1. Tell me the residue from 134, 87, 64, 39 that is in a helix (DSSP H, G or I) and in contact with a Ser or Thr (Cβ under 8 Å, 6 or more places away or on another chain), please.
2. Out of 47, 23, which single residue is without any contact (Cβ under 8 Å) to a residue 24 or more places away in the chain, under 22 Å from residue 93 (Cβ atoms) and assigned to a helix (DSSP H, G or I)?
3. Is it fair to say residue 8 is farther than 30 Å from residue 112 by Cα and of a type in the set (Val, Ile, Thr)?
4. Of all the residues that make up segment 95-119, how many are acidic (Asp, Glu) and within 20 Å of residue 19 (Cα to Cα)?
5. Inside segment 41-63, can you point out the residues that are surrounded by 15 or more Cβ atoms within 10 Å (Cβ to Cβ) and either basic (Lys, Arg) or within 21 Å of residue 77 (Cα to Cα) (or both)?
Amino acid sequence: MGSLDTLIRISKHDLDEKRRALKELYDVLDGYERQKQAFEDGILREKKALEGQDWNAHITYAAFHRKTEKQIAEMSRSIAAAEKKIFALRDEMLEIFGEMKRYDIANDLRRSIEEEEKRLAETKSLDEIAMETFRRAE
C-alpha cells in the first residue's frame, strides 16, 4: 500500500514542478510578446512622426525600420521557441497526470479489496461466535 502512496506523492510533486516551470515559460512568453508589441508600436510611432519630414529623416527611418524588423523577427523566433517548450511541457504534464491517475485508481482498487477482505473476515469471525453460542445453548 505504501509503494503506491509514494508513487502518487512523487507524481504530485513532479506535476507541481512542471506547473511551476510552465508558469515561468508563460511569463517568458508574455515578456517576448510585450517586447514584440513594443517594437511594432515603435515603428508605427516613428512612421507617424515621419510625416512632413525631409528626405534625411526618411533615410534615418529606413535604418531604424530594418533594425526594428530584425528585432521583431528575433522576438517571433523566441516566441515560437517558447511555445514549442510550452507544448512539450504540457505533454509531459499529461503523461505525469495519467500515471498519477493510474496509481490512484490502483490504490483505490487495492483499498476496496482490503476493506472487503476485512469485512469478510469480520463476518466470518462473528459467524463463528454465533455458531459457538448456538452450540452452547443446545
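Taken together, the values in this text are just the output of simple stated rules run on the coordinates, not laboratory data. Computed from a predicted model, the values in this text were never measured in an experiment. Here Cβ is always computed from backbone atoms with ideal geometry, including for glycine, and neighbour counts include all displayed protein chains.
1. It is 39.
2. Exactly one of 47, 23 is without any contact (Cβ under 8 Å) to a residue 24 or more places away in the chain, under 22 Å from residue 93 (Cβ atoms) and assigned to a helix (DSSP H, G or I), namely 23.
3. No; evaluated as a whole, the condition is false for this residue.
4. Qualifying residue count for the region: 3.
5. Within segment 41-63, 42, 43 qualify.
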